[in-house]
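A short write-up of the structure that comes next.
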Amino acid sequence: MTVIAKDPKAYIHRVTCVTFYTDEVIRAILEAKGAAYVCDEIARDEDPNYVKPHLELAVTAHLDPKKLAGKRLLDFGCGAGASTVILARLLPQTEIVGVELDDKNLQAAKARIKFYALRNVTLLKSPAGDKLPKDIGSFELVMLSAVYEHLLPNERKTLLPMLWSHLKTGGVMLFDETPWRWFPVETHTTGLPFINYKPDWFALWCARTFSKRVDKKTTWQSLLRDGIRGGTARGIMRDIGAPAEILKPRRLGIRNQADLWMRGYADKSIGFSGPLKRIYAYFASLICRLTGMAIVPYLTVAIKKSI
């Protein structure tokens, strides 16, 4: 499947993809994401070298999947369902509840669940941006996959304590694919270097002026919603505002955040950027072992609810 823009200057995040989806699923995803992101959204599930490696590793590097059998997992902000179906296949004995606010995303997620005939997934609509569905219950694992960066600052301080209250004692809240707030290149929203260090007004001007991904009339509020300001482990802890413990990735031979990023993102990356990512990942891992600092574009943060 290939997307061809009438306007040669139009931004298309991913031009082509290969899919086994039915027309029904493709139409639902197109309706939810638009032509510029339809191939990217399809690939998030079907490309084995895209989201799947780091999402699965985010779970398995911190937790034993066997111990999640018979437990409940909340996929908060499940979007069009790519993360949900990946988790459902990884954890077939785990009850997975996906919650999404946007109707079009929810319809796309439902089309995916139907396509795969998944029986361990329930999808629910969130009643509001700062609320959860009624009687949703409690969970051993709460997952935010590519979600935290899209929450506005006030939403982070409201939603995270709310989600924390539905996490069982000893349970884990897991953040995956969260852009690191202080990485030298803002790779998620603008693709611009050093914009993470600039004040808001100057970052807005730079995004409007230099980024091919950003509309020239966009607002700072829109950029925040798009994820221009990522997060840090300390910032997430502050937003939760309760006693908690950051879990270090210690399974499957992974020793730190840099190792996790290397295995989850760089090792299977293909195309022009693949070799560059692997070279960078090697030095990032070395620096992390020497200094304890993980200088990686995207974070995976697991936070355990203290007993």
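The values are calculated or read from the model by the stated rules, or taken from the named source; none is laboratory data. A quick note: this is a predicted structure, and the numbers were derived from the prediction, not measured. Note that we place each Cβ from the backbone using ideal geometry, even for glycine, and neighbour counts take in every protein chain shown.
Structural remarks
- Qualifying residue in the range 11-20 (condition: under 16 Å from A146 (Cβ atoms) and of a type outside the set (V, I, T)): yes
- Scanning the range 12-30 for residues that are within 28 Å of T190 (Cα to Cα), modelled with pLDDT of 95 or more and of a type outside the set (V, I, T) yields R27, A28, L30.
- Selection of the range 122-160 for residues being farther than 21 Å from K305 by Cβ and either in a helix (DSSP H, G or I) or touching a residue at least 60 places away in the same chain (Cβ under 8 Å) (or both) yields A146, E149, H150, L152, P153, N154.
- Residue check, A109 under 25 Å from P179 (Cβ atoms), surrounded by 21 or more Cβ atoms within 10 Å (Cβ to Cβ) and touching a strand residue (DSSP E or B) at 6+ places or on another chain (Cβ under 8 Å): yes
- Of all the numbered requirements in (1) at positive phi; (2) crowded, with 23+ Cβ neighbours inside 10 Å; (3) among the charged types (D, E, K, R), E100 misses one, and that requirement is (1).
- Residue in the range 1-30 that is nearest to the chain's Cα centre (by Cα), counting only those that are farther than 21 Å from V214 by Cα and part of a helix (DSSP H, G or I): I29
- Criterion applied to L141, L152, L174, L159 was being closer than 30 Å to A258 by Cα, in contact with a Leu (Cβ under 7 Å, 6 or more places away or on another chain) and exposed (fewer than 15 other Cβ atoms within 10 Å of the Cβ), and the one residue passing it is L152.
- Inter-residue pairs, beta-carbon under 7 Å, first in a loop (DSSP other than H, G, I, E, B) and in the range 192-213, second surrounded by 15 or more Cβ atoms within 10 Å (Cβ to Cβ), 6+ apart: K198/C206; S211/T190; S211/G191; S211/L192; R213/T189; R213/T190; R213/G191
- Every residue from the range 177-187 that is assigned to a loop (DSSP other than H, G, I, E, B) and either among the hydroxyl-bearing types (S, T, Y) or surrounded by 23 or more Cβ atoms within 10 Å (Cβ to Cβ) (or both): T187
- Looking at V59, V25, just one residue is buried (at least 16 other Cβ atoms within 10 Å of the Cβ), under 27 Å from Q93 (Cβ atoms) and not assigned by TED's automatic domain parsing to the domain that holds L174, and that residue is V25.
- Residue count for the range 263-307, restricted to those that are touching a residue at least 24 places away in the same chain (Cβ under 8 Å), aliphatic (A, V, I, L, M) and closer than 15 Å to P53 by Cα: 2
- For the range 239-298, taking the residues that are β-branched (V, I, T) and assigned to a loop (DSSP other than H, G, I, E, B), the one that is surrounded by the most Cβ atoms within 10 Å (Cβ to Cβ) is identified as V296.
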